[in-house]
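Take a look at this one; I'll ask things after.
Only the coordinates and a few stated rules stand behind these numbers; no lab work does. Bear in mind that the values here come from a model prediction, so they are computed numbers and not experimental data. When we count neighbours, we look across all protein chains shown, and the Cβ atoms used for this are built from the backbone with ideal geometry, even at glycine.
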Amino acid sequence: MALQCTPQIAIDEGELEENFVRASGPGGQNVNKVASAVQLRFDVRRSPSLPNPVALRLMKLAGRRLTDDGVIVIDARQHRTQERNRADARERLAALVAEAAVPPKPRRPTKPTLASKTRRLESKSRRGAVKRLRGDAGSD
């Protein structure tokens, strides 16, 4: 079964690596005995599931969760049970991939309006006049 991120992008189970570790958060008496926290690892650079532009945007979006090897590490330890932490980590990875799948809107340069040009020039001339008045008073 694959992790469905967008209608076009699904990550195969074999590409995800899960490690279960002891969590420091909630868990009651089990907190020191049960490995309920999940470390989800996903190798972005070697993933055949992601198109190249999406992978590049995903690596930029991942920030400090990305290792030097191009692996995204998501740490989920919010819930008491391993199953809920596992689902949380997968949801967060899917949301990150879905955000990276949206291409950025291209910037279209615009020209300044006539009114803004006029305002700019008036403010420059006003500032220049103030500076001119600061000069020497001249010889009396």
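Multiply the residue separation of LEU61 and ARG134 by 0.36 nm, subtract the distance between their alpha-carbon atoms, and state the gained length in nm to one decimal.
Details: separation 73, 0.36 × 73 = 26.28 nm, distance 5.11 nm.
Answer, rounded to one decimal: 21.2 nm.
Oh, and also: Could you size up the charge dipole of the chain around its Cα centre, putting +1 on the beta carbon of Lys and Arg and -1 on that of Asp and Glu, and report it in debye to the nearest 20?
Working: 28 positive and 16 negative charges, 284 e Å.
For this selection, approximately 1360 debye.
Let me ask something additional. Take GLN4 and SER123, extend 7 Å from each Cα along the Cα→Cβ direction, and tell me the distance between the two endpoints in nm.
5.2
For LYS60, give me every one of the lysines with a C-alpha distance below 26 angstrom, ignoring sequence neighbours fewer than eight places off in its own chain.
Straight-line reach from LYS60, under 26 Å: LYS105.
Using the Kirkwood formula over every pair of different C-alpha atoms, what hydrodynamic radius in Å results for the chain? Intermediate results must be reported in sequence, preceding the final value.
Values: mean 1/r = 0.0516 Å⁻¹.
This gives a value of 19.4 Å.
Let me ask something additional. Over the chain, what is the mean sequence separation of C-alpha contacts under 8 Å (at least six apart), divided by residue count, expressed as relative contact order in percent?
Numbers: 168 pairs, mean separation 31.1, N = 140.
Once divided by the residue count of the chain, the mean separation gives 22 percent.
Continuing with the same structure: Kindly express, to the nearest 10 degrees and within the range 0 to 90, the angle between helix 52-62's C-alpha long axis and the longest C-alpha principal axis of the chain.
Approximately 80 degrees, to the nearest 10.
Within straight cross-link reach of LYS111, meaning Cα distance under 25 Å, which lysines are found once same-chain residues fewer than 8 apart are removed?
LYS124
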